[in-house]
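Report on the following structure.
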Amino acid sequence: MTNALNAPKPAKRPKPTPPKPIDLARWLFILSAAIGVVRFMVELGDREMLIRELRVRQPELSQDDLDAAATGGIVFGLLIAVGLILVYTLLANRMAGGRNWARVLLTVIAGAGIFLGVVRLVAAFSGFAAAFGLAVDGVDLAFGVVTMLIDATAVVLMYQPAVSGYFRSVRSVSGTPPQVANGL
């Protein structure tokens, strides 16, 4: 009787190559994250606006405290931006590698972003945002529209009928039979 540890392992079949729409969706998600970071950096680049906002929210702070808070906010924002790029890249690469969970997670993230972007557009153009004293500038809206279009395109590419078989084939290639307690 052979031991489960010494049993020959079945030869692994090569992983299928991602179809063009999946590869394109991967790069679109990474591009969307990069544009989102640029958008964020443009907002963080307006240090005077940050200090004005802090002054309104916390009028008891001194100028030194306001400067320190603005600098801390910018550094924290940059860390968030780097994390965003890394997470999007990781998820996009996992999705391109045939991981369905990454495809679903990217769909949820993109769907939430698209929904919030549409709400923001409706609020800006209907005057609802202005009625509540919320400032929405054109550059921010333009970045939002571009990222919504990119995300929507990437989601559509991930769910094309021609690519759904790719996720099934990767699962069947990488799927190993479950190990039972007694090694059989």
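The values are calculated or read from the model by the stated rules, or taken from the named source; none is laboratory data. In this text, all values refer to a predicted model and were calculated from it rather than measured experimentally. Cβ coordinates were reconstructed from backbone atoms using ideal geometry, including for glycine residues, and neighbour counts include every protein chain displayed. We work out accessible area using only protein heavy atoms, side chains counted, and drop any ligands, DNA or RNA first. Shrake-Rupley method; radii C 1.70, N 1.55, O 1.52, S 1.80 Å.
Computed quantities for the displayed model
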| item | result |
| --- | --- |
| Ala7 vs. criteria over 25 Å from Ala154 (Cα atoms), open to solvent by less than 50 Å² (accessible area, probe 1.4 Å) and either modelled with pLDDT under 85 or small (Gly, Ala, Ser) (or both) | yes |
| Verdict on Val56 being assigned to a helix (DSSP H, G or I) and within 24 Å of Leu31 (Cα to Cα) | no |
| Those residues of the range 30-81 which are out of contact with any Ser or Thr (no Cβ under 8 Å at 6 or more places or on another chain) and touching a residue at least 60 places away in the same chain (Cβ under 8 Å), in sequence order | Leu31, Val38, Val42, Glu43 |
| Selection count where residues are at pLDDT 90 or above and open to solvent by 80 Å² or more (accessible area, probe 1.4 Å), scope the range 10-30 | 3 |
| Subset of the range 100-131 [among the hydroxyl-bearing types (Ser, Thr, Tyr) and farther than 30 Å from Ser169 by Cα] | Ser126 |
| Any helices (runs of 4 or more DSSP H) falling wholly within the range 69-171 and containing at least 3 residues that are among the β-branched types (Val, Ile, Thr) and buried (at least 18 other Cβ atoms within 10 Å of the Cβ) | 138-158 |
| Contacts under 8 angstrom Cβ, first residue in the range 146-163 being in contact (Cβ under 8 Å) with a residue 40 or more places away in the chain, partner open to solvent by less than 90 Å² (accessible area, probe 1.4 Å) and not in a helix (DSSP H, G or I), 6 or more apart | Ala162/Pro19; Val163/Pro19 |
